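Working notes, beginning with the structure itself.
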Amino acid sequence: MTQSAETLLGGLRVLDLSDHRGLLCGQILADLGADVIQIEPPRGSPARGIGPFYQGKAHPERSLTWWAYTRNKRSVVVDLETAAGQATFRLLVQSADFVIESFRGDELGRLGLGYDELARLNPRLIYVAITAFGRSGPKAAYADTDLIVLAAGGPLALTGDADRAPLRISVPQAYMHAASDAAAAALIAHHERARSGLGQAIEVSAQQSVALATQSTILSTGVGFVASQRMSGGTRLGPLSSQLVYPAKDGYVSITLLFGSAFGRATRRLFEYIYEHGGCDAATRDKDWIFYFEHMMTGEESFDEYDRVKRVVAEFTTRHTKADLLAAGLERGLLIAPVTTTAEVVDSPQLAARNFFAPVEHGDLGTSIRYPGAFARFSETPIITQRRPPHIGEHTREVLAESDRTMPAAAAPAHIEVIDPRPLAGVKILDFMWAIAGPAATRILADYGATIVRVETASHPDACRTLPPFLNAQIGPDTSVLFHNMNAGKLMLSLDLSKPEARPVVLDLVRWADVVCESFSPKAMRHWGFTYDQLRDVNPEIVMLSTCLMGQTGPLSQFAGFGNLAGAITGFYELCGWPDRAPAGPFGAYTDYIAPRFNAAAVLAALEYRRRTGKGQHIDLSQAEAAASFLAPALLDYTANGRVWSRVGNADASLAPHGVYPSHGDDCWVAIAVETRRQWRGLCDVIGRSSWGDEPRLATAADRRVCLDEIDAAITAWTTTVDMRAAETELQARQVPAHAVQTSTELCDDPQLRHQQHFVTLHHPEQGPMLLEGSRFRLSRTPAQVGGSAATFGRDNQKVLADLLGYDENRITELVIAEVLQ
């Protein structure tokens, strides 16, 4: 039985051939209401062999990794290695809307089932390939794992303690980024298909996807700015060490101790709080936190003094519990959040108030298990878990017996002329987003043709305007490359929303728009009088996305801040670090790199529903809830088994050896992972230990884990004598997963990223050429187009008001006189 047409993606069918690298893509589409059919080989998907397992029993029907990403799906067994299985698959393709696969290499092409052949069967088919490095280019055939992709894409170099190897998060993340990108990409292609009648192929590169988690520092070298360096619980930028993790009486907290117009007021409130409790003197409390960074750059304030300030904070937080500090943060508007365990995430009062963890019945086990719930709340079409994860081939007969699906039209009618080929041409979005999680989502939509009017108020500038990297090392509100990277391709309207004269302008834009997006805490839009109900009165078909850290309801709904705080409170910090040290935390505002894909997918799904029904709706998307998808196996391990995960350095439950090893040079590293016996033998040959390749005591990963100190020492003895690039090349020649740990310097010159056209250049009116990132996926017929010059403040006031809204010169002059425009 297919999903109801009253769901967001009702009536759409997905054939999902992916393994653990791509399952989340299908899960997102299934949650949105598509009929997702998991195509499995006779012995089941390889993902079923990945732990953790229910009650610790390794069995293909008890994999929590499988469970985490297959609810609401159906399972059909098809043996693609046989002629009969290939015929069955071709039959299914004829009535499918999407095919998703994550094979290494062109596996379906080898079987005569590549995109070109499938498109001849069904010209409307959207084919999504989730890859490590893309389908072509110098690294397309590289062997990979989660660790290898993170090394190649940049996040690994930025994470961990300065005196130890770079770190990954203990729950694999790389393909979560790629799979969620794939879901957004599939819906972009679907939007275009509704107009043209034609499908296309989509290629997602995990290397490009994870680069978003560098917070644009991938661009530092290319824009003339100093590269960031890893520091436990923060980051280093030249002599400046920004600390984000601090000790508490019962664990750790994350604090955004930064400066400038976006952060300085909160820092001032923090030191007022510390002063009231006797933790600092008045001189420390009264520092100029708005311009503190500038004072350090001029030498007026020393870096030693800044280090003392951080010690003041650490000494204070050590005397207080995580709960007390969170309560103070809520009461006083401090940028502070507890570093939580997976148990604390599951037992969170905020998530309980929103009924986030939903029970799923496992009748065969005689129990129900709480799963992470919906990644977003839709007012008209709530996401509902209708099915538990399927058994192997559970729905084979059911699906093959279905005969009620009719073949869609093969192509658009001949009289339809597509004037603007961009997939989202004609989609109009009013954008009140700020920081990263919101703007990065609308940037995705802008790349594919949506017209986006970004509203910003000069008195409350976007936080990203104050963050590096800065173009040509010129620090200013219009030179942040991070800001430009998040907002390329948008129309920039400066509007003082505190002025009553601004309200009619906003309402005219609401009448113009299809979608309104905002990423403030819930009180902001209420304060301005721009709630969903108020905007719906103006435009009954409007789709409104409200995305913030914790959601629109619940005891923490007013908790405002950035992705580092959400990363702490959702469990990522606790899962990143060495077991004998404090949490290192993932680099930067981690959940800000997760939420954009879910934000984009949610908007596109709501637009699809509106296309069919004429109904708009409100979307409440919590960063914390969306990010839970990236930790779902660990969260299920707690709800199903009572097991609490913690940080384990670079150790892996399935692979050994698996680590980051020092290479020749200063702070140079190479990531190496071994999945198979063949790879183990290849590694042994390269490092001069060929005899180990056939030793029974080292035959399996479990065997090698017992001897890991000996193995790591032998690998290190070799890697320290060779350049990290040479190590990568030599190991990949033997198909051993390996990659140099790339910083901005290597990334800006990476031949694979250049082949994928990952970088684009826009013009900055004052600074000249500016390097930015392009799209993280490729559509074969309708690729991304990053247009325009740098998104400078108020650049498009005239264009928006005159061209889009039709205001005459007198009306615009009135707004200038009223000081509404900035």
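The values are calculated or read from the model by the stated rules, or taken from the named source; none is laboratory data. All values reported here derive from a predicted model rather than from experimental measurement. Note that each Cβ is placed from the backbone with ideal geometry, even for glycine, and that neighbours are counted across all protein chains shown. Just the protein is used for accessible areas: all its heavy atoms, side chains included, with ligands, DNA and RNA removed. Shrake-Rupley method; radii C 1.70, N 1.55, O 1.52, S 1.80 Å.
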Listing of strands (runs of 3 or more DSSP E) fully contained in segment 319-395 that carry 1 or more residues being more than 20 Å from Ala627 (Cβ to Cβ): 358-362, 367-371
Residue list for segment 70-88, restricted to those being polar (S, T, N, Q) and within 18 Å of Arg48 (Cβ to Cβ): Thr70, Asn72, Ser75
Criterion violated by Gln785 - all others in (1) open to solvent by less than 20 Å² (accessible area, probe 1.4 Å); (2) in a loop (DSSP other than H, G, I, E, B) satisfied: (1)
Qualifying residue in segment 639-651 (condition: out of contact with any strand residue (DSSP E or B) (no Cβ under 6 Å at 6 or more places or on another chain) and surrounded by 24 or more Cβ atoms within 10 Å (Cβ to Cβ)): no
Helices (runs of 4 or more DSSP H) wholly inside segment 98-204 that include at least 2 residues being hydrophobic (A, V, I, L, M, F, W, C) and within 21 Å of Ile37 (Cα to Cα): 115-121, 174-196
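The rows are residues; the columns are (1) touching a Phe, Trp or Tyr at 6+ places or on another chain (Cβ under 9 Å); (2) closer than 25 Å to Gln243 by Cα; (3) open to solvent by 20 Å² or more (accessible area, probe 1.4 Å).
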site	(1), (2), (3)
Ala96	no, no, no
Tyr115	yes, no, yes
Arg120	no, no, yes
Gly134	no, no, no
Gly137	no, no, yes
Ala141	yes, no, yes
Pro155	yes, yes, no
Ala165	yes, yes, no
Pairs, first at negative phi and in contact (Cβ under 8 Å) with a residue 40 or more places away in the chain in segment 759-787, second in a strand (DSSP E or B) and open to solvent by 80 Å² or more (accessible area, probe 1.4 Å), C-beta under 6 Å, six or more apart: Leu771/Thr761
Condition check for Ser494: open to solvent by 10 Å² or more (accessible area, probe 1.4 Å) and hydroxyl-bearing (Ser, Thr, Tyr): no
Residue list for segment 427-452, restricted to those being free of Cβ contacts under 8 Å to residues at least 60 places away in the same chain and part of a loop (DSSP other than H, G, I, E, B): Ala450
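Quick check on my filter: what residues within segment 721-757 are part of a loop (DSSP other than H, G, I, E, B), under 24 Å from the mean Cα position of the chain (by Cα) and crowded, with 22+ Cβ neighbours inside 10 Å? Even if it seems obvious, please write down each step before you answer.
Residues of segment 721-757 part of a loop (DSSP other than H, G, I, E, B): 721-723, 734-737, 741-743, 748-750, 756-757.
Adding the requirement that they be under 24 Å from the mean Cα position of the chain (by Cα) leaves 737, 741-743, 748-750, 756-757.
Passing the criteria: Pro737, Val741, Gln742, Thr743, Asp750, Gln756.
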Unmet requirement for Ala628, which otherwise passes all of (1) out of contact with any helix residue (DSSP H, G or I) (no Cβ under 9 Å at 6 or more places or on another chain); (2) closer than 23 Å to Pro172 by Cβ: (1)
Among the candidates Ala184, Ala194, Ala227, residue that is open to solvent by 10 Å² or more (accessible area, probe 1.4 Å), aliphatic (A, V, I, L, M) and touching a helix residue (DSSP H, G or I) at 6+ places or on another chain (Cβ under 6 Å): Ala227
Within segment 504-529, tally of residues that are at pLDDT 95 or above, in a helix (DSSP H, G or I) and not acidic (Asp, Glu): 8
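So that you can scan it fast, the table gives a plain yes or no per residue for (1) modelled with pLDDT of 95 or more; (2) open to solvent by 20 Å² or more (accessible area, probe 1.4 Å):
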residue: Thr531; (1), (2): yes, yes
residue: Val538; (1), (2): yes, yes
residue: Gln552; (1), (2): yes, yes
residue: Asn564; (1), (2): no, no
residue: Phe572; (1), (2): yes, no
residue: Gly577; (1), (2): yes, no
residue: Gly585; (1), (2): no, no
residue: Thr591; (1), (2): yes, no
residue: Pro596; (1), (2): yes, no
Qualifying residue in segment 465-474 (condition: farther than 20 Å from Leu772 by Cα and out of contact with any strand residue (DSSP E or B) (no Cβ under 7 Å at 6 or more places or on another chain)): no
Meets criteria (in contact (Cβ under 8 Å) with a residue 24 or more places away in the chain and either in contact with a Leu (Cβ under 7 Å, 6 or more places away or on another chain) or under 24 Å from Ala227 (Cα atoms) (or both)) for Thr457: yes
Residues that are open to solvent by 10 Å² or more (accessible area, probe 1.4 Å), over 21 Å from Phe572 (Cβ atoms) and in contact with a Phe, Trp or Tyr (Cβ under 8 Å, 6 or more places away or on another chain), drawn from segment 198-222: Ala201, Glu203, Gly222
Scope segment 585-630; condition farther than 23 Å from Phe777 by Cα, assigned to a helix (DSSP H, G or I) and more than 13 Å from the chain's Cα centre (by Cα); matching residues: Tyr609, Arg610, Arg611, Arg612, Thr613
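Does Arg370 satisfy the criteria of being under 27 Å from Leu17 (Cα atoms), in contact (Cβ under 8 Å) with a residue 24 or more places away in the chain and open to solvent by 30 Å² or more (accessible area, probe 1.4 Å)?
yes
Evaluate the following for Asp462: is it out of contact with any Lys or Arg (no Cβ under 8 Å at 6 or more places or on another chain), modelled with pLDDT under 95, open to solvent by 10 Å² or more (accessible area, probe 1.4 Å) and acidic (Asp, Glu)?
In short, no.
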